[in-house]
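What follows draws every value from the coordinates through simple rules; no lab data is involved. As the structure is a computational prediction, the values presented were derived from the model and not from experiment. Quick reminder, even Gly has a Cβ in these numbers, built from the backbone with ideal geometry, and neighbours come from all protein chains shown.
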Amino acid sequence: MNQTSSGNLTVGESNAWLSSLEWQAVDAKAFNQLSPTEQLIRIRHSSAHIMAAALTQLFPETEFATGPATPQGYFYDIKKSEPLKEEDLASIQAEMDKIAGKSQAFEVASVPKAEAIAYFKEKQQHYKLQVLERIPSETVTLYRNGNFIDLCAGPHVPHTGLCRSNKVLTLSAVHWRDEEKPSLTRITGTAWSRPKDLERYIEFLSEVKLRDHRTLGPQLDLFSFHPWAASALWHPHGVTLRNQLMAFWRETISEKDYIEILNPLLYKKELFETSGHWDHFQENMFIFRDAEGEPDFALKPMNCPDTMLYFRSQLRSYRELPLRIAEGQILHRNEATGALHGIMRTRNFIQDDAHIFLAPEHVEAEVQALLEMLDRIYQIFQLNYNIKFSTRPESYLGSLDVWNKAEASLQAALKAAGKEFVIDEGEGAFYGPKIDINIQDSLGREWQCGTIQLDFQLPERFDLKYVKPDGATERPIVVHRAIFGSFERFIGILIEHLGGAFPTWLAPVQGVVLPIAERHIPHAESVVKQLKTLGFRFDLASNESVNYRIRHAETQKTPYMLVIGDREMADNTVAVRKYTGGQKGTYPLAQLIEELCEHRDQRIFDVVVKEFSSLFRGPSDVSTEDAPY
RNA sequence: GCCGAUGUAGCUCAGUCGGUAGAGCAACGGUUUCGUAAACCGUGGGUCGCAGGUUCGAUUCCUGUCAUCGGCACCA
């Protein structure tokens, strides 16, 4: 047996120091009294230990970093001389099942930090030593199950048998803290209280794959990808979808007295030098050079700098404030290759952007109105969301007094709107505090979309002013805001949230008209024409068998299928079938039109979304920085 | 950008232990006009991501490169 090499304890090792410790079993009674969520978190954390024990068994030289529970399972970050391969996962799974099968007890011992350091030094567990360095207390705890010992704050389950509903999932690489190299291997697994939950989670994973917008988008003929293109190529159906969404956006902002502008894509670098982007954002910008190779022009990565130019194009009065200026112009950002992801993260996209110029006393009411607006919009898509309030970061610009006032008014607005939110200390932008809105989709995943940010810096940098009632000038405050985030990302979220089945008001093709036989085609054509004239998006499907056309419409997730045969032709009715809803009966065309108008005007959410969000309980936002070690 | 993996027809995938490849769907042509999830017959389609190297010979092995995937970092 391996007595002296690196790695944690191996089977059969004896160590006088370890056996001299006072090991205490985890209290089973107390565990049983915990809430299901607390139990699940422990199951996952303990599963990470079981994974590490399995790795120690298989590869004794493995070094361990951190292994916390996550909202969907757990992982352990490890370092190994020979990199792990996909094939190794099966043997790790088998070893873990063995350990879980043994129902080994989890035991804890408190030790002086210095002794723990000596122990992990001997075991050449360099990452554990780094973790130890950051622990302020003089005593630390060790947990053991079987012969595996880990530095760990706990808590754990009473024994490994509680972690049987367990599956090893993926391998990936992660950075260890701030270091670029060497990177660690992250082995991810999922663990549940009951086998039934594990099954449901595996069903969820296959659902995620099925709903992937990168597969569904091309399948539904919305867009396609090409290696040469900086973003997706949008097909006619995708363009229709975008146009519907943008029409909805314009409708919502015009109700709230926004004005819309359209500025160029391309600017001399002076604009960005003035805005601060040249110093703070240059590496994400596409920059053009002149004949001498000097930076010259750049594509705008945000709409804010040139909106300042618009504000400055005329003398402004206090009477104009709050001045709400929207712009849906194309933005270009040179994102890191590894960040690109379908249409969710591209180098070329459009935000539902707006900048609101206001006086300090407007902030609270304006932010409250924005919160109400985004609530209304997300509700239309039945998207849940969480609000995060980010406060002054360590390095900030402007005066402390202004910051305090701004934070107070943002917080007051959140409270006035009756919203729950979490405070993210020090995570605000350098130019002002912000409210970030994370959408939670039907698969329980979070996406940052909406944002409301206060900005004191741009008005300063562009020397913006408005004239007050007394004739003196004052500097306005700017609020940056977006609700969809980027239209492309929002469409991606919608595709995955809805599984590609859009509500009728939004669907690129709202329905198909299916004549039974050739003799019905002229009448079917006239039905399509009537619907099109009224602005509805219906196509004629006259080739192939009826069965084939129905199947095609179903796979394309078309909301309405209108079958027309002898009977329907005779009395000007349509036999209505709805997507996944089956036949809805035959009724007059006029009645259908009424129904369609209702869908359009009220933006009815007429799709059934398979919910998985109840699956997710447990800690969120796990990072290696604050993970329980 | 970092680590790992992957790249075969429009799509999903098979195959070649080094002798230039095959299926289903889609497309195209013909027949069929049908009452609610695939009518029938036939045809075409691939410099096996790209560039170099090794070899008598490379889609297969090696190197580089581009892209994608899973994460990290970054972020709308």
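Placing +1 on the Cβ of each Lys and Arg and -1 on the Cβ of each Asp and Glu in the stretch A:16-148, which of A:I92, A:I50, A:S35 has its Cα farthest towards the positive end of the resulting dipole?
With unit charges placed on the Cβ atoms, the residue in question is A:S35.
Mind checking the angle between helix A:363-380 and chain A's longest principal axis? C-alpha axes, 0 to 90 degrees, to the nearest 10.
80
Viscosity 0.692 mPa s, temperature 37 °C: give me the Stokes-Einstein translational D for the stretch A:281-381 in µm²/s, with Rh taken as the Kirkwood radius over C-alpha pairs.
The estimated diffusion coefficient comes to 198 µm²/s.
So if I place +1 on the C-beta of Lys and Arg and -1 on the C-beta of Asp and Glu, and nothing else carries charge, what would the dipole magnitude of the stretch A:334-411 be about its Cα centre? I want it in debye, nearest 20.
So the magnitude is around 340 debye.
When Lys and Arg each count +1 and Asp and Glu each count -1, what net charge do the other residues less than 15 Å away from A:P155, Cβ to Cβ, add up to?
Local charge sum for A:P155: 0.
Separation between the A:S183 and A:A336 pseudo-spin-labels, each 7 Å from Cα along Cα→Cβ, expressed in nm?
A separation of 0.9 nm, rounded to one decimal place.
Given the Cα-Cα distance of A:E292 and A:Y318 and 0.36 nm per residue of separation, how much length would full extension add, in nm?
4.8 nm
Distances over 44 Å make up what percent of all Cα-Cα pairs in chain A?
Result for the distance tail: 38 percent.
Rounded to the nearest 500, what is chain A's calculated 222 nm mean residue ellipticity when only DSSP H runs of at least 4 contribute -39500 (n - 2.57) each, over all residues?
One gets -11000 deg cm²/dmol as the mean residue ellipticity at 222 nm.
Can you spot the aspartates and glutamates whose alpha carbon is less than 20 Å from A:K610's alpha carbon? Ignore those fewer than 8 places along the same chain.
Result set, ordered by chain and number: A:D197, A:E199, A:E203, A:E207, A:D212, A:D441, A:E446, A:E496, A:E554.
About the Cα centre of the stretch A:287-401, what is the dipole size in debye to 20, counting +1 per Lys and Arg Cβ and -1 per Asp and Glu Cβ, all else neutral?
Dipole magnitude for the stretch A:287-401 comes out near 240 debye.
Report the net charge of residues surrounding A:I330, where surrounding means a beta-carbon distance below 15 angstrom and charges are Lys +1, Arg +1, Asp -1, Glu -1.
Residues near A:I330 contribute -2 overall.
For chain A, what is the charge dipole size about the Cα centre, in debye to the nearest 20, if Lys and Arg each add +1 at the Cβ and Asp and Glu each add -1 at the Cβ?
The calculation lands at about 1280 debye.
Rounding to the nearest 10 and keeping the result within 0 to 90°, find how far the Cα-based axis of helix A:113-122 lies from the longest principal axis of chain A.
90
What's the angle, to the nearest 10 degrees (0 to 90), between helix A:36-58's Cα axis and the longest principal axis of chain A?
In chain A, helix A:36-58 runs at an angle near 60 degrees to the longest axis.
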